[in-house]
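Engineer: Here it is: the structure, laid out below.
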Amino acid sequence: MKDYYAILGVPREAEADLIKATYIALSKIYHPDIYRGDKKYALKRMQEINEAHEILKNPKKRKAHDDKNKDTADDSFFDDNQFQDEQDSYQEIIKEAWDFAKEYHPAIDVQYKDLLRLNKNLAWLFQVRCVENKQFEKANKVAEKMKKEWFNKYFGTNTEIHKIVQKAIRNKQIIIAKEINKAIKVLGKDSSEIIIQRTKRKHARFFQEDMSSRKYCKSS
């Protein structure tokens, strides 16, 4: 059974404008008239992308797809950038537009770098969304919403877990984030409290170092 969210590379909670922006981005990469590689592969990829967009842009079709796939959705934590492709011309277009926009909206790069520390794909989708939908004025709200959607997808809705994961990733303790993601996936989102307790016991040193660092910052 096809997972149209996976085909487009967006979270299940993605709103219509992110789905549209991602569809445009992928179309500019894989369109057979543009793609530099195997044209048959590009045609097949575009057929999948068009099909995914057709389903996900329609609320009724999207709900039917979600209902069929609710037990098979892959919520595994990842740090891949599916847009890193041999066809890099679109990345260059986005980068050029982004660099130009920064001159008028310098704050957008702060949000981009914040997302980049969490996940490459998340940061790239933020750039695509801002450029394709001209959302530079409200980039802060866009970034916060995308970050929340990303955390909710992979780590549930518990805000304490979100804080732990964010600190772990930024301190290059990816193993902690992956363990929490797996625990959420296996035990369910209602097991947040026991997951927090278990994580703090298993990685006590990480939490002790974090506490020591905060005390040092306060004293200095």
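The numbers here are math on the coordinates, done by the rules we state, and not lab data. All values derive from a computational prediction rather than experimental measurement. Methodologically, a virtual Cβ is constructed for each residue, glycine included, from the backbone with ideal geometry; neighbour enumeration extends over all protein chains shown.
Engineer: With point charges of +1 on the Cβ of Lys and Arg and -1 on the Cβ of Asp and Glu, referenced to the Cα centre of the chain, which listed residue (203, 56, 140) lies farthest in the positive direction of the dipole?
Structural biologist: Among 203, 56, 140, the one farthest towards the positive end of the dipole of the chain is 203.
Engineer: Measuring from label point to label point, each 7 Å out along Cα→Cβ, what is the residue 70 to residue 209 span in nm?
Structural biologist: A separation of 4.1 nm, rounded to one decimal place.
Engineer: Can you list the equivalent-ellipsoid semi-axes of the chain, largest first and in whole Å, using the square root of 5 times each Cα gyration tensor eigenvalue?
Structural biologist: Its equivalent ellipsoid spans semi-axes of 33, 23, 15 Å.
Engineer: Rounded, prolate or oblate: which one fits region 1-59, using the alpha carbon gyration tensor with axes a ≥ b ≥ c (rounded when a/c is under 1.5, else prolate when a/b beats b/c, else oblate)?
Structural biologist: Prolate shape, in that a/c is at least 1.5 and a/b is the bigger ratio.
Engineer: Mind checking the angle between helix 16-30 and the chain's longest principal axis? C-alpha axes, 0 to 90 degrees, to the nearest 10.
Structural biologist: Approximately 60 degrees, to the nearest ten.
Engineer: Counting alpha carbon pairs within less than 8 Å and at least 6 residues apart, what relative contact order, in whole percent, applies to the chain?
Structural biologist: Across the chain, relative contact order equals 19 percent.
Engineer: How far is helix 192-202 tilted off the main Cα axis of the chain, in degrees rounded to 10, range 0 to 90?
Structural biologist: Helix 192-202 sits at roughly 60 degrees to that axis.
Engineer: Roughly how many debye, to the nearest 20, is the charge dipole of the chain about its Cα centre, given +1 on each Lys and Arg Cβ, -1 on each Asp and Glu Cβ, and no other charges?
Structural biologist: Charge dipole, the chain, about its Cα centre: 900 debye, nearest 20.
Engineer: Also: Compute the helix-to-body angle for 174-187: its Cα long axis versus the longest principal axis of the chain, expressed 0 to 90° and rounded to tens.
Structural biologist: Tilt relative to the chain: about 80 degrees.
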